[in-house]
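See structure below.
The values are calculated or read from the model by the stated rules, or taken from the named source; none is laboratory data. Quick caveat: nothing in here was measured; it's all calculated off a predicted structure. Quick reminder, even Gly has a Cβ in these numbers, built from the backbone with ideal geometry, and neighbours come from all protein chains shown. In case anyone asks, the SASA skips ligands and DNA or RNA and just uses the protein heavy atoms, side chains included. Shrake-Rupley method; radii C 1.70, N 1.55, O 1.52, S 1.80 Å.
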Amino acid sequence: QAKNHDRVQAMVFSEEMYRKASSRLDLESQLVRVLEKNELRVYYQPIVEVSTENVVSFEALVRWVHGERGLISPLDFIPIAEEIGMIIPIGEWVLRQALEQVKQWRAEITGVENLSISVNLSALQLQDPDFVGVVADALSASGVDPVALHLEVTETMLMSDVDVAVETLHALRALGVSLSIDDFGTGHAALGYLRSLPVQTIKIDRSFVDGLNRGDPKATSIVDAIVSLARALDLDVIAEGVETTGQLAELRQMGARLAQGYLWSRPLPPDQVPSWLNEKRRAGST
Ligand code: C2E
Ligand code: MG
Ligand code: MG
Ligand code: MG
């Protein structure tokens with residue numbers, strides 16, 4: 001009896017493993033052709049000024065519109081794209097797409113002439129000897145002022161091959177683009193790196209912002225400490241994942257300059273951005 005039961009469980013387990021492995025193989029082989037098949041989309045999430053709630057920037061966030069599975073999250077396919085090297089062409093595509101998009105919005109929508117755009121990088125791009133040239137080319141092809149481009153890297157990305165990564169950051173900075181540390185506080189990096197890296201902005205990870213205004217004094221202290229640290233180091237700060245007006249009020253009190261989150265908008269497909277901006281302007285601020 002017991003033996004039988006074990007056998008059934010073992011079978012169910014291996015079927016599950018098989019399904020997972022083969023679904024991953026499917027995704028891998030389909031990812032190779034994702035650009036030819038034009039299945040990637042870039043969504044855009046607004047970044048606002050805490051004091052005025054005016055929109056100053058958008059973050060570009062990639063999605064995969066899969067034939068059978070629908071919209072696939074970057075959390076589910078970026079790691080696979082990194083493993084098979086596809087992140088290099090995908091990352092370049094997102095960058096070019098985002099630059100064309102911000103150029104168009106700056107030209108066509110009133111009140112956003114100084115809009116900037118944030119693009120997430122992968123560790124592999126920082127290790128790619130061609131990457132700085134790709135960024136330079138994408139900037140000149142789009143005609144977007146380099147100061148309007150913000151590239152986001154994580155602490156963890158810098159730790160893989162530090163020398164190459166740091167050299168790339170300096171070369172990017174020399175192009176005039178600005179650099180942000182994404183998911184700040186989650187990466188186990190020693191804080192000293194903030195002093196030596198050419199970084200202008202830190203993005204406070206959502207996991208800390210989430211604890212604001214919930215009677216979680218430790219989360220509040222952490223966010224407060226990061227805001228103070230940023231101020232002391234003359235860095236700009238963005239709070240990620242702001243969902244409530246209570247969290248916004250706390251951030252205002254702390255003097256955090258910028259914020260991003262569902263409180264203002266989820267990431268939007270680009271065709272919804274102009275009407276969202278106009279709606280927001282009608283409702284009051286920008
Ligand atoms: P991230 O760069 O930290 O982006 C912020 C993530 O938080 C986004 O998830 C966004 O939709 C989500 N978010 C924003 N506000 C809120 C909020 O108020 N509440 C909650 N619960 N979530 C919020 P998304 O779009 O699924 O992206 C996940 C991650 O995938 C990104 O994290 C980034 O690390 C990566 N990623 C996205 N696009 C790209 C890309 O083009 N290249 C690379 N290398 N990575 C990307
Ligand atoms: Mg990001
Ligand atoms: Mg983040
Ligand atoms: Mg992240």
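Of the residues that sit in the range 256-284 and are farther than 17 Å from Ala60 by Cβ and part of a helix (DSSP H, G or I), which one is farthest from ligand 2 (Cβ to nearest atom)?
So the residue we want is Arg282.
Looking only at the range 109-130, how many residues end up being open to solvent by 10 Å² or more (accessible area, probe 1.4 Å) and within 21 Å of the chain's Cα centre (by Cα)? Break it down stepwise before answering.
So the first thing to find is which residues in the range 109-130 are open to solvent by 10 Å² or more (accessible area, probe 1.4 Å), and the list is 109-111, 113-114, 116, 120-121, 123-124, 127-130.
Pick out the ones that are also within 21 Å of the chain's Cα centre (by Cα) and you get 114, 116, 120-121, 123-124, 127-128.
Matching residues across the range 109-130 total 8.
Restricting attention to the range 179-197, and to residues there that are surrounded by 14 or more Cβ atoms within 10 Å (Cβ to Cβ) and in a loop (DSSP other than H, G, I, E, B), which single residue is modelled with the lowest pLDDT? Let's see the steps before the verdict.
To start, the set of residues in the range 179-197 that are surrounded by 14 or more Cβ atoms within 10 Å (Cβ to Cβ) comprises 179-187, 189, 193-194, 197.
This time we only want the ones that are in a loop (DSSP other than H, G, I, E, B), so: 185-187, 189, 197.
Working: Gly185: 89, Thr186: 90, Gly187: 81, Ala189: 73, Leu197: 90.
Only one residue tops the list, namely Ala189.
What number of residues in the range 198-242 are surrounded by 17 or more Cβ atoms within 10 Å (Cβ to Cβ), at positive phi and more than 16 Å from ligand 3 (Cβ to nearest atom)?
Of the residues in that region, 1 qualify.
Examine the range 97-118 for a residue that is in a strand (DSSP E or B), closer than 20 Å to Arg63 by Cα, within 16 Å of ligand 3 (Cβ to nearest atom) and not small (Gly, Ala, Ser), and state whether such a residue exists. First the steps, then the outcome.
The initial filter retains those residues of the range 97-118 that are in a strand (DSSP E or B), namely 116-118.
Subset that is closer than 20 Å to Arg63 by Cα: 117-118.
Then drop every residue that is not within 16 Å of ligand 3 (Cβ to nearest atom), which leaves 117-118.
Retained after the next criterion (residues that are not small (Gly, Ala, Ser)): 117.
Yes.
Run down Gln247, Gln253 and say which single residue is without any contact (Cβ under 8 Å) to a residue 60 or more places away in the chain, open to solvent by 50 Å² or more (accessible area, probe 1.4 Å) and part of a helix (DSSP H, G or I). Walk me through it before giving the result.
Details: Gln247 fails: open to solvent by 50 Å² or more (accessible area, probe 1.4 Å).
Sole residue among the options that is without any contact (Cβ under 8 Å) to a residue 60 or more places away in the chain, open to solvent by 50 Å² or more (accessible area, probe 1.4 Å) and part of a helix (DSSP H, G or I): Gln253.
Only one of Thr154, Thr168 is modelled with pLDDT under 95 and of a type outside the set (A, V, I, L, M, F, W, C). Can you tell me which? Steps first, please.
On the way: Thr168 fails: modelled with pLDDT under 95.
Thr154 is the lone residue from the list that is modelled with pLDDT under 95 and of a type outside the set (A, V, I, L, M, F, W, C).
Name the residue that is nearest to ligand 4 (Cβ to nearest atom), counting only residues in the range 147-165 that are open to solvent by less than 40 Å² (accessible area, probe 1.4 Å), part of a helix (DSSP H, G or I) and not acidic (Asp, Glu).
Step by step, filter the range 147-165, then rank; the result is Met157.
Filter the range 196-251 down to residues that are hydroxyl-bearing (Ser, Thr, Tyr) and within 15 Å of ligand 1 (Cβ to nearest atom) and give me whichever is nearest to the chain's Cα centre (by Cα). Steps first, answer last, please.
Within the range 196-251, the subset hydroxyl-bearing (Ser, Thr, Tyr) is 196, 201, 207, 220-221, 228, 244-245.
From what is left, the residues that are within 15 Å of ligand 1 (Cβ to nearest atom) are 201, 207, 244-245.
Numbers: Thr201: 13, Ser207: 15, Thr244: 20, Thr245: 22 Å.
Selected residue: Thr201.
Being within 16 Å of ligand 1 (Cβ to nearest atom) and either among the charged types (D, E, K, R) or under 16 Å from the mean Cα position of the chain (by Cα) (or both) is the filter here; which residues of the range 142-176 pass it?
Leu149, His150, Leu151, Glu152, Val153, Thr154, Glu155, Thr156, Met157, Leu158
In the set Glu82, Glu59, Glu49, Glu53, which member is at positive phi and surrounded by 13 or more Cβ atoms within 10 Å (Cβ to Cβ)? If you could, list the steps in order and put the result at the bottom.
Working: Glu82 fails: at positive phi; Glu59 fails: at positive phi; Glu49 fails: at positive phi.
Unique residue meeting the criteria: Glu53.
Scan the range 243-254 and give yes if some residue there is of a type in the set (Gly, Ala, Ser) and in contact with a helix residue (DSSP H, G or I) (Cβ under 8 Å, 6 or more places away or on another chain), otherwise no. Working first, answer last.
Taking the range 243-254 and keeping what is of a type in the set (Gly, Ala, Ser), we get 246, 249.
Checking the rest, the ones that are also in contact with a helix residue (DSSP H, G or I) (Cβ under 8 Å, 6 or more places away or on another chain) come to none.
No - not one qualifying residue is present in the range 243-254.
I'm checking my understanding of the structure. Among residues of the range 132-141 that are touching a residue at least 40 places away in the same chain (Cβ under 8 Å) and either within 20 Å of Val164 (Cα to Cα) or over 21 Å from the mean Cα position of the chain (by Cα) (or both), which one is most open to solvent (accessible area, probe 1.4 Å)? Break it down into steps so the answer makes sense when it comes.
Of the range 132-141, the ones touching a residue at least 40 places away in the same chain (Cβ under 8 Å) are 132, 134-135, 138-139, 141.
Going one step further and asking which of them are either within 20 Å of Val164 (Cα to Cα) or over 21 Å from the mean Cα position of the chain (by Cα) (or both), we end up with 132, 134-135, 141.
Working: Val132: 36, Val134: 28, Val135: 0, Ala141: 66 Å².
Applying the filter and picking the extreme gives Ala141.
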